[in-house]
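Asker: First the structure, then my questions, so here it is.
The values are calculated or read from the model by the stated rules, or taken from the named source; none is laboratory data. Just so you know, these numbers come straight off a predicted model, no measurement behind them. Heads up, the Cβs are rebuilt from the backbone with ideal geometry, glycines too, and the neighbour counts pull from every protein chain shown.
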Amino acid sequence: MAHGSNYKVAFRRRREGKTDYAQRMKLVKINANRLVVRVSNANVIVQVVKVGENGDETLVSAHSKELNKLGWKAGNKNTSAVYLTGYLCGKKALAANIDEAIADIGLKSPIKGSKIFAAIKGASDAGFYVPFGEKVIPSEERINGQHIADYAESLDEADLKTKFSKYLENDLQPVDLPDHFEEIKNKIDDEV
């Protein structure tokens with residue numbers, strides 16, 4: 001006679017939607033550095049992590065708030081900011097003599113053109129080796145904000161003030177986003 005229930009409670013981090021243990025075990029067995037990209041409600045964190053004896057060890061980290069210190073005036077989690085955060089992390093990793101990693105997108109769905117792949121492209125463009133397929137990367141127009149500039153040009157003054165109020169509060173005209181993007185990218189090159 002069987003005792004108890006046949007129901008098995010999943011691990012806490014799985015129930016909370018934080019860890020896919022099957023994927024995690026595959027990554028641990030590979031025993032390579034991982035480029036971890038996490039997008040929160042307000043910011044982005046890109047880290048190079050390795051598996052240690054007592055858990056993961058962060059080797060290098062870049063946070064989208066660091067872009068603000070470099071003069072970034074647009075949002076901290078748009079595609080351009082995610083790319084620049086990945087670029088910054090890639091530069092920091094190279095400065096720390098770490099030159100490659102595999103991508104770890106966590107529980108995010110691997111959707112073609114998503115922000116997570118912008119971070120991977122940013123790290124790769126910095127000279128950091130991360131294997132990825134070119135077809136999943138967002139277009140160059142999305143990465144540098146050209147699509148936002150084009151949309152802003154099509155709006156009248158009232159709509160522009162409504163839809164881009166945060167940009168305007170930060171003294172950034174949305175049509176200038178691609179130039180601002182390049183300016184911050186050049187600052188990252190100069191400082192790291």
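Asker: Being at pLDDT below 90, not hydroxyl-bearing (S, T, Y) and not in a loop (DSSP other than H, G, I, E, B) is the requirement here; does A22 meet it? Please lay out each step first, then the result.
Answerer: Details: at pLDDT below 90: yes; not hydroxyl-bearing (S, T, Y): yes; not in a loop (DSSP other than H, G, I, E, B): yes.
Yes.
Asker: Taking the criterion of being surrounded by 17 or more Cβ atoms within 10 Å (Cβ to Cβ), without any contact (Cβ under 8 Å) to a residue 24 or more places away in the chain and within 24 Å of P178 (Cβ to Cβ), would at least one residue in the stretch 116-123 satisfy it?
Answerer: Within the stretch 116-123, one or more residues are surrounded by 17 or more Cβ atoms within 10 Å (Cβ to Cβ), without any contact (Cβ under 8 Å) to a residue 24 or more places away in the chain and within 24 Å of P178 (Cβ to Cβ).
Asker: Let me ask you something else. Looking at the stretch 90-109, I want the residues that are touching a residue at least 40 places away in the same chain (Cβ under 8 Å) and have a partner that is of a type in the set (F, W, Y) and assigned to a strand (DSSP E or B) with Cβ atoms under 9 Å, at least 6 apart or on another chain. Which pairs are those?
Answerer: Matching pairs, first to second residue: E100/Y129; A101/Y129.
Asker: Quick check on A118: is it farther than 18 Å from I148 by Cβ, modelled with pLDDT of 90 or more and either under 14 Å from the mean Cα position of the chain (by Cα) or not hydrophobic (A, V, I, L, M, F, W, C) (or both)?
Answerer: For A118, the condition - farther than 18 Å from I148 by Cβ, modelled with pLDDT of 90 or more and either under 14 Å from the mean Cα position of the chain (by Cα) or not hydrophobic (A, V, I, L, M, F, W, C) (or both) - is not met.
Asker: Are there helices (runs of 4 or more DSSP H) fully within the stretch 78-192 with at least 3 residues that are hydroxyl-bearing (S, T, Y)? List them.
Answerer: It comes to 79-95.
Asker: Quick check on this structure: which one of L35, L27 is of a type outside the set (S, T, N, Q), surrounded by 15 or more Cβ atoms within 10 Å (Cβ to Cβ) and at pLDDT below 80? Explain how you work it out, then say what you get.
Answerer: On the way: L35 fails: at pLDDT below 80.
Of L35, L27, the one residue that is of a type outside the set (S, T, N, Q), surrounded by 15 or more Cβ atoms within 10 Å (Cβ to Cβ) and at pLDDT below 80 is L27.
Asker: Same structure again: Mind telling me which of the residues V130, V136 ends up being modelled with pLDDT of 90 or more and touching a strand residue (DSSP E or B) at 6+ places or on another chain (Cβ under 8 Å)?
Answerer: When all the criteria are applied, what remains is V130.
Asker: Which number in (1) of a type outside the set (A, V, I, L, M, F, W, C); (2) surrounded by fewer than 12 Cβ atoms within 10 Å (Cβ to Cβ); (3) without any contact (Cβ under 8 Å) to a residue 40 or more places away in the chain; (4) farther than 22 Å from N31 by Cα marks the one condition that K163 misses?
Answerer: That leaves (2) as the condition not met.
Asker: Listed residues V49, V60, V37; which is within 17 Å of the chain's Cα centre (by Cα), over 28 Å from L177 (Cβ atoms) and assigned to a strand (DSSP E or B)?
Answerer: Step by step, each of V49, V60, V37 is checked, and only V49 is within 17 Å of the chain's Cα centre (by Cα), over 28 Å from L177 (Cβ atoms) and assigned to a strand (DSSP E or B).
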